[in-house]
Amino acid sequence: MKDDPDFRKHNQTAFDVTADELRQFIEQYEHLAAEKQDIADQQKEVMAEAKGRGYNTKVIKKIIAERKRDKNDLAEEEAIMDLYKASLGMT
């Protein structure tokens, strides 16, 4: 196969563009990961402050998880939980 400088140049340009785009994706992901870690650190600080003021952080986390859930799903789960507890004599 004959060497074609134009073909070689086109391939190199395509490679450079792809490498730049890939680098952008990686750097964007790394930036988001750093932001995520910063937020996690801030959440830990909030819980540490709540604990320092005497609140039970385990319960706070459960309340936060419940607030995220769909109200109907939560009500159904609580109804089933009550039924199971009653069946076991836990009420």
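Scanning segment 58-91 for residues that are part of a helix (DSSP H, G or I), of a type in the set (Gly, Ala, Ser) and over 29 Å from Lys44 (Cα atoms) yields Ala75, Ala79, Ala86, Ser87.
Just one of (1) modelled with pLDDT under 95; (2) of a type in the set (D, E, K, R); (3) under 22 Å from the mean Cα position of the chain (by Cα) trips up Arg8, so point out which. All conditions are met except number (3).
The values are calculated or read from the model by the stated rules, or taken from the named source; none is laboratory data. What you are looking at is a predicted structure, and each value in this text was computed from that prediction instead of being measured.
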